[in-house]
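Structure first, commentary second.
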Amino acid sequence: MSASLLLAEDFKTINGKEYKNATVSCVEPDGIVLKSKSGITKVYFTELPKDVQERFHNDSAQGANFTANQEATAPQQNAVSAEHPLGATADQFVARYGAPQDSTSLDKNFPLLEGAIHHTYAYKGWRIRAAFLPPDGPAVRMDYSKIVKAGVNPVIQDYEVDEIIAAKTPLATTWKEIMYNNPDSPNKGLSKIFEGYFMGALGQKMWQRSDGAMLRLRSKLSVRLELPAAHEYETKLEAEKEQKARESVPQF
């Protein structure tokens with residue numbers, strides 16, 4: 001099984017769809033998660049030939065029950081999921097990661113999202129920061145980094161990024177790697193393209209989920225995950241600031 005997870009190979013569904021040079025990043029009761037140049041996709045055992053199902057020890061009854069249970073709870077999971085905390089509330093984060101260990105100075109000097117409510121959690125050797133929309137809205141931006149201590153390599157490895165991606169893939173969504181695009185950069189046009197290539201050469205990577213969520217590997221030391229609502233909130237704040245600035249100009 002471990003060899004199957006590591007070696008890249010071609011997969012073909014019973015309907016003829018092919019996944020070239022793909023590796024199995026995760027095996028679940030009802031299917032396998034494939035990683036290839038085209039992105040990360042879950043393929044259900046019911047879509048695969050019998051010999052492939054047997055390779056991964058598929059139990060059809062168990063898989064059917066697993067899929068049925070996921071589909072039955074999909075609306076709740078997509079809105080407030082313990083496995084996919086992005087989009088969950090602060091109370092649900094506490095249930096998942098325990099009580100927050102906030103740093104007022106960190107949140108003030110290095111906010112994830114200006115105007116948002118920030119909380120920081122320590123979880124199994126990782127520091128997780130989350131920005132929640134006020135007053136009691138969902139988390140729309142998260143940062144993952146390792147808690148640095150003796151014997152811990154702070155550099156985030158590819159297989160660790162794969163685990164984060166797999167854990168942040170709700171039912172019926174997929175991820176695709178795209179050119180690195182820093183939303184905070186002032187560059188445009190060709191300068192933006194060159195910046196993307198340059199940052200990619202430095203190890204900066206970026207993925208987009210089919211529902212619009214984004215994931216960025218930043219300097220190999222942190223992973224940022226965010227929903228489109230994060231930038232929508234920033235745009236709203238900027239518009240409000242500009243409006244206030246215009247209103248403050250005296251009538252000469």
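Report the residue count in region 105-149 for those that are crowded, with 17+ Cβ neighbours inside 10 Å and of a type in the set (S, T, N, Q).
1
For the subset of region 203-252 comprising residues that are of a type in the set (Gly, Ala, Ser) and in a helix (DSSP H, G or I), which member is most open to solvent (accessible area, probe 1.4 Å)?
Narrowing region 203-252 to residues of a type in the set (Gly, Ala, Ser): 203, 210, 212-213, 219, 222, 229-230, 239, 245, 248.
From what is left, the residues that are in a helix (DSSP H, G or I) are 229-230, 239, 245, 248.
Values: ALA229: 31, ALA230: 0, ALA239: 56, ALA245: 53, SER248: 85 Å².
It comes out as SER248.
From the list ALA79, ALA95, ALA72, ALA99, which one is at pLDDT below 60, open to solvent by 60 Å² or more (accessible area, probe 1.4 Å) and farther than 28 Å from ALA22 by Cα?
Numbers: ALA79 fails: open to solvent by 60 Å² or more (accessible area, probe 1.4 Å); ALA95 fails: at pLDDT below 60; ALA99 fails: at pLDDT below 60.
Criteria check complete, one pass: ALA72.
If THR169 satisfies all but one of (1) within 18 Å of the chain's Cα centre (by Cα); (2) surrounded by 13 or more Cβ atoms within 10 Å (Cβ to Cβ); (3) modelled with pLDDT of 90 or more, what's the number of the condition it fails?
(3)
Here is a list: GLN208, GLN204. Which entry is under 28 Å from ILE40 (Cα atoms) and modelled with pLDDT of 90 or more?
Numbers: GLN204 fails: modelled with pLDDT of 90 or more.
Only one candidate qualifies: GLN208.
Please determine, by comparing only the residues of region 27-46 that are open to solvent by 40 Å² or more (accessible area, probe 1.4 Å) and in contact with a Leu (Cβ under 9 Å, 6 or more places away or on another chain), which one is nearest to PRO170 (Cα to Cα).
Pass one, region 27-46, residues open to solvent by 40 Å² or more (accessible area, probe 1.4 Å): 27-29, 35, 37-38, 42, 44, 46.
In the following step, the residues that additionally are in contact with a Leu (Cβ under 9 Å, 6 or more places away or on another chain) were identified as 27, 42.
Working: VAL27: 15, LYS42: 10 Å.
Restricting to residues being open to solvent by 40 Å² or more (accessible area, probe 1.4 Å) and in contact with a Leu (Cβ under 9 Å, 6 or more places away or on another chain), the top hit is LYS42.
Restricting attention to region 138-159, which residues are outside any strand (DSSP E or B), among the aliphatic types (A, V, I, L, M) and within 19 Å of ALA99 (Cα to Cα)?
ILE147
Residues PRO85, PRO135: which one is assigned to a loop (DSSP other than H, G, I, E, B), within 24 Å of TRP175 (Cβ to Cβ), at pLDDT below 90 and not basic (Lys, Arg)? It would help to see each step written out before you state the result.
On the way: PRO135 fails: within 24 Å of TRP175 (Cβ to Cβ).
Residue meeting the stated conditions: PRO85.
The values are calculated or read from the model by the stated rules, or taken from the named source; none is laboratory data. Keep in mind that what you see is a predicted model, and the values were worked out from it rather than measured. Cβ coordinates were reconstructed from backbone atoms using ideal geometry, including for glycine residues, and neighbour counts include every protein chain displayed. The area values use the complete protein model at the heavy-atom level, side chains included, leaving out ligands, DNA and RNA. Shrake-Rupley method; radii C 1.70, N 1.55, O 1.52, S 1.80 Å.
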